[in-house]
Amino acid sequence: MIRILALVIMVIPGILAALGIKLMRDMTFGILQPPIPYLWLQFLLGLFLFLGGLSFVAGFIFYRDRKRNKVQKRFAKR
């Protein structure tokens, strides 16, 4: 049950990052999504979602590897 919960915790930021990529791509092609009034705002929202999702997943992987001593010495706990 704990592994399923961990998988769900990892999938939600991944979906948000994918949504961010989609919003940025739509802005590039000039497609405005309905709840967002401006293209530049759509791009910033997409960038925020992408960077937030990516940083969450990267931090989770880094924390797990650090706990198992699979990182370089400069990142290991002291």
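The range 19-41 and the range 1-18 have Cα centres lying 24 Å from one another. Which longest uninterrupted range of the chain lacks any chymotrypsin sites (Phe, Trp or Tyr not before Pro) assigned by DSSP to a loop state (not H, G, I, E or B) and surrounded by at most 15 other Cβ atoms within 10 Å? The longest uninterrupted stretch comes out as 39-78. Which of these values of Cα Rg over 2.2 N^0.38 Å was calculated from the structure shown: (i) 1.45; (ii) 1.52; (iii) 1.07? Evaluating Cα Rg over 2.2 N^0.38 Å on these atoms matches (i).
Loop-located trypsin sites (Lys or Arg not before Pro) across the range 10-75 with a Cβ neighbour count of 15 or fewer within 10 Å are Arg68, Lys70, with loop assigned by DSSP.
To put it simply, the accessible area of the chain at a 1.4 Å probe is 72 percent carbon and sulfur. Compare Leu51, Leu23, Leu41 in a GNM of the chain, Cα atoms joined below 10 Å, and give the one with the largest fluctuation. For the chain, modelled as a Gaussian network with Cα springs under 10 Å, the answer is Leu41. Shown is the FRET efficiency for Ala76 and Ile4, computed with R0 = 30 Å from the Cβ-Cβ distance and rounded to the nearest 0.05: 0.50.
In the chain, the longest principal axis of the Cα atoms and the axis of helix 39-67 are about 10 degrees apart. Using Cβ point charges alone (K and R +1, D and E -1), the dipole size of the chain about the Cα centre works out to roughly 880 debye. The residue among Leu45, Ile61, Pro13 whose Cα reaches farthest toward the positive pole of the charge dipole of the chain, with charges on the beta-carbon of Lys, Arg, Asp and Glu, is Ile61.
The values are calculated or read from the model by the stated rules, or taken from the named source; none is laboratory data. The shown structure was predicted, so the numbers you read here are calculated from the model rather than taken from an experiment. Virtual Cβ from ideal backbone geometry, glycine too; neighbours counted across all protein chains shown. Quick note on the areas: whole protein, heavy atoms, side chains included, nothing else; ligands and nucleic acids left out. Shrake-Rupley method; radii C 1.70, N 1.55, O 1.52, S 1.80 Å.
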